[in-house]
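The values are calculated or read from the model by the stated rules, or taken from the named source; none is laboratory data. Note that the coordinates shown come from a computational prediction; the quantities given were computed from them, not determined experimentally. Cβ sites come from the backbone with ideal geometry, for glycine too, and all protein chains shown count toward neighbours. SASA here: full protein model, heavy atoms, side chains in, ligands and nucleic acids out. Shrake-Rupley method; radii C 1.70, N 1.55, O 1.52, S 1.80 Å.
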Amino acid sequence: MDTGPADPSTKKPSPPNPEVPWRAVVEPGEPAGLAEGEGWFRKAGEFLQALGRIRLSLASLVLILAINLVVLASVIGVALLTPSAPALPPPAGIIRGEEAPRAASGSLTATPTRPVPSPTALATPVPTRTAAAQASFPGELGQGSLVLSFADNTYAHLFAYQPQTLPFARLTDSPWDDITPALSPDGSRVAYASRQNGYWDLFVLNLADGRSQRITDTGDSDRSPAWSPDGKFLAFETYTSGHSQIAMISTDAPGSGATYLTTGSSENYSPAWSPAGRKIAFISSNAGKYSLLIADLDQRGNALARPVGPVEKRLLHPAWSPDGSHLAWGEVSGDGSRLVVWNAGEPDRPPAAVGSGDWPVWSPDGKLLGARISTPNRDFLAAYGFPGGQLVLPPQPLPARLLGMDWKVSPPLSASPAWMKARAGEQPTPVWQDQAAPIAIGADTRYGLANLDGVSAPNPQLSDRVDESFRALRQRLTGELGWDFLALLENAFQPITSPLPPGMESDWLYTGRAVRVGTAPLAAGWMVVAREDYAGQTYWRVYLKTRYQDGSQGQPVEQPAWDIASRSGGDPLIYEQGGTPEAAFPAGYWIDFTEFAARFGWERVPALPNWRSYYPGMRFNEFARKDGLTWSAAMLELYPPEALSLPAAPPPSATPAPGRKASPATPTITPTRRPTWTPLPGS
């Protein structure tokens, strides 16, 4: 498919045959499952051959043959269905992940699964927080402030935060996304990427008066700013001509235009400007390999140093220490992510591991290293002592997926101007409100099903407790994406009288709180899937291609594609690992549907252990709104306890409760030209 700018008059392509092979995204290095059974096959065959050379009585021979046939059948079953070897148990201090599916009472029982260890278990142990660690860093956590970006009432906003003195305080609150904040060296300004004009451009927020200055104004996607040591320039990543590149621009004279630091076919992103001089570190990806490069602006041709690479593990978010002596970044491989630090004074020494996580930020004095620790559906903020790696700040839950952060010296909120105090106390109007009508049946309270108007599915219904959030998600997504992705579902509510395939006895579709989105866009090139492993459990991140490829919708994807069709190419190793990674990132602009759906409470579910050989077990297209409930508790919202043990329990009523609001009309798309920037009052 042509991935260049789309013709605005072009309509959404017709859904293709869903059986056509499609692409997905994955991390390399997946261990094989079938290989574990090869030795058993060989030994069983040798044993059976030996039987032919032994003279035994007919009865004994028949008995031995029968026993070994049973053993052989068991070995074959294990070899075909065994997943990769489980990861090591998590070290102390790591956040626990989701539990394995629970068994419900009665006939619905969960398929036995291996124990699920922590999704952040890594080769690098994470130490527990101790009194000694606290005593070693008595005041470091109280330094300066952090600025973070995460979803807030379905839009990404900027927040100030101080682990000891300041809860999350809102800095921006407009109906658009603000991401990747970077505090200036003196902590007085915040550079960030914003969709104020419908396109990703750079802005600088003055913390003294709350005014924003526009820095870039192009149709390209400009993100991830990094300040020069004197605060007069920004390095940033920009998506132009189909690739991400590093550029620089003056904050004093932004109209003079940007200067490109990189060009070519490599993907270059996540710049970090050294506070010790004129060096810029960034990540470069080419042909499926990653490198950490450092450009020296004082050398002819901006000579590049390469501390790390090329390697297959993904490298993320480099960050210089305040004195420029060390460089930290995140590494992502099949067993999760970890922080590493490179000593610029000893460039030939390999980087040292610090702990679990990625997206590092240094405390103002360089003695702490903050990081994001991710679980499948939740991000956490932690901090380690440097260089010892002590866990000084245990993982603190973030309200939503982190979309950028920085840590610098800045005034606390108590000394902040009135605009910041007022904005920090604002409570936005919810985008949707649940309007569930409980049904009292004796001492029990249950809920009915609500029809999804305008949605095509085998059973277009959801629990009365979650249908409003689905409608709100569909309406917003259609406007952001440019086409109505959620109009066609593979499945929604699944009656217990219609069982799902094996292994899905405790699937969330039975609860009326889950949907399986349509997969036809995969074959059309309008959907890709990113694989993310958490301690042996596989999850998927779904990206959807936007209708308009002019930069007005979506963002570039910074993950490689995975070719699942290659598993049928005849290579047994590729088959056993479920496919092979593609060499390039998906081209064009996409929406991270997984992150976007989470803004409305819908979270992804894990793949089944046998997904490599069982396509339905991938479950990349299933999303559930759990609201903290277990599967059993969610089932009891629809069914009485005794019904769950009956083989033919009737499904709950699909009639909406009296007084329910009608479903909103199916959203439609009205193409508009590129918007012009209109400053807010007082800006």
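By per-residue mean of other Cβ atoms within 10 Å, what is the highest-first order of 631-642, 503-514, 325-336?
Ranked from most to least packed, the peptides come out as 503-514, 325-336, 631-642.
Compute the separation of the alpha-carbon centres of the range 539-565 and the range 568-605 and state it in Å as a whole number. The range 539-565 and the range 568-605 have Cα centres spaced 9 Å from each other. Computed from the Kirkwood radius of its Cα pairs, the Stokes-Einstein diffusion coefficient for the range 457-599 at 4 °C and 1.567 mPa s stands at 76 µm²/s. Farthest towards the positive end of the charge dipole of the range 278-391, among the residues GLY355, ASN286, ILE373, is the Cα of ASN286, using unit charges on the Cβ of Lys, Arg, Asp and Glu.
I want the local charge near TRP176. Using Cβ-Cβ distances under 13 Å, sum +1 for each Lys or Arg and -1 for each Asp or Glu among the other residues. Net charge around TRP176: -4. Taking every Cα-Cα distance in the range 371-411 and sorting them into 10 Å bins starting at zero, the pair-distance distribution P(r) comes out as 26, 47, 26, 1 percent. Restricting the calculation to Cα atoms, the range 233-336 yields a radius of gyration followed by a Dmax of 13.8, 45 Å. Shown in residue order for the range 283-294 are the 3J(HN,Hα) couplings computed by the Karplus curve 6.51 cos²θ - 1.76 cosθ + 1.60 at θ = phi - 60°: 9, 10, 10, 8, 6, x, 10, 10, 9, 9, 10, 10 Hz (x for Gly and Pro). Listed peptides 522-529, 491-498 appear in the order 522-529, 491-498 once ranked by packing, highest mean of other Cβ atoms within 10 Å at the front. Here the Karplus curve 6.51 cos²θ - 1.76 cosθ + 1.60, taken at θ = phi - 60°, turns the phi angles of the range 514-531 into couplings of 9, 9, 10, 6, x, 10, 4, x, 4, 5, 7, x, 9, 8, 10, 10, 9, 8 Hz, with x standing for Gly and Pro.
Based only on Cα atoms, what mean projected area does the convex hull of the range 433-541 have, in nm²?
On the way: hull surface 38.0 nm².
If you wrap the Cα atoms of the range 433-541 in a convex hull and average its projections, you get 9.5 nm².
Binning the alpha carbon pair distances of the range 186-240 at 10 angstrom intervals from zero yields the distribution 25, 55, 19, 1, expressed in whole percent. Mean separation of Cα pairs under 8 Å and 6 or more residues apart, divided by the residue count, gives the range 311-385 a relative contact order of 23 percent.
Rolling a 1.4 angstrom probe over the range 201-297 with all protein chains present gives an accessible area of which 47% lies on carbon and sulfur atoms.
Can you give the charge dipole size of the range 318-382 about its Cα centre, rounded to the nearest 20 debye, using +1 on the beta carbon of Lys and Arg and -1 on the beta carbon of Asp and Glu?
180 debye
Here's how it looks for GLY512: its modeled amide H is under 5 Å from those of GLN494, which are all 5 or more places away or on a different chain.
The phi torsions of the range 213-219, fed into the Karplus equation with coefficients 6.51, -1.76 and 1.60 and a -60° offset, translate into couplings of 10, 7, 10, 10, 8, 9, x Hz, rounded to whole numbers, with Gly and Pro shown as x.
Considering only C-alpha atoms, what is the centroid distance from the range 204-271 to the range 319-342, in Å? About 23 Å separates the Cα centre of the range 204-271 from the one of the range 319-342.
With coordinates expressed along the principal axes, the C-alpha atoms belonging to the range 516-614 extend over 43, 29, 24 Å, beginning with the largest.
Can you list the residues, at least 5 places off or on another chain, whose amide H is less than 5 Å from the amide H of THR240, using H built in the peptide plane? Those qualifying (amide H under 5 Å, at least 5 residues apart or on another chain) are GLN245.
Highest first, please rank the peptides 359-366, 343-350 by the mean number of other Cβ atoms sitting within 10 Å of their residues.
On the way: 359-366: 21.9, 343-350: 11.2.
Averaged packing, sorted descending, gives the order 359-366, 343-350.
Just to be sure I understand the curve: with the Debye formula and one point per C-alpha of the range 602-649, what is log10 I(q)/I(0) at q = 0.17, 0.32 Å⁻¹? The computed values of log10 I(q)/I(0) come out as -0.71, -1.03.
Within the shell defined by Cβ-Cβ distances under 10 Å, the residues around GLN299 carry a net charge of +1, with Lys and Arg each +1 and Asp and Glu each -1. The calculated pair-distance distribution of the range 353-468 uses every alpha carbon pair, bins of 10 angstrom beginning at 0, and gives 11, 22, 23, 19, 17, 8, 0 percent. Along its first, second and third principal axes, ordered by size, the range 440-496 spans 47, 21, 14 Å in Cα coordinates.
Pairs of alpha carbons in the range 174-289 separated by more than 26 Å make up 15% of all such pairs. Put simply, the amide H of LEU171, placed in the peptide plane, has neighbours under 5 Å in LEU158, PHE159, ALA160, leaving out anything fewer than 5 places away on its chain.
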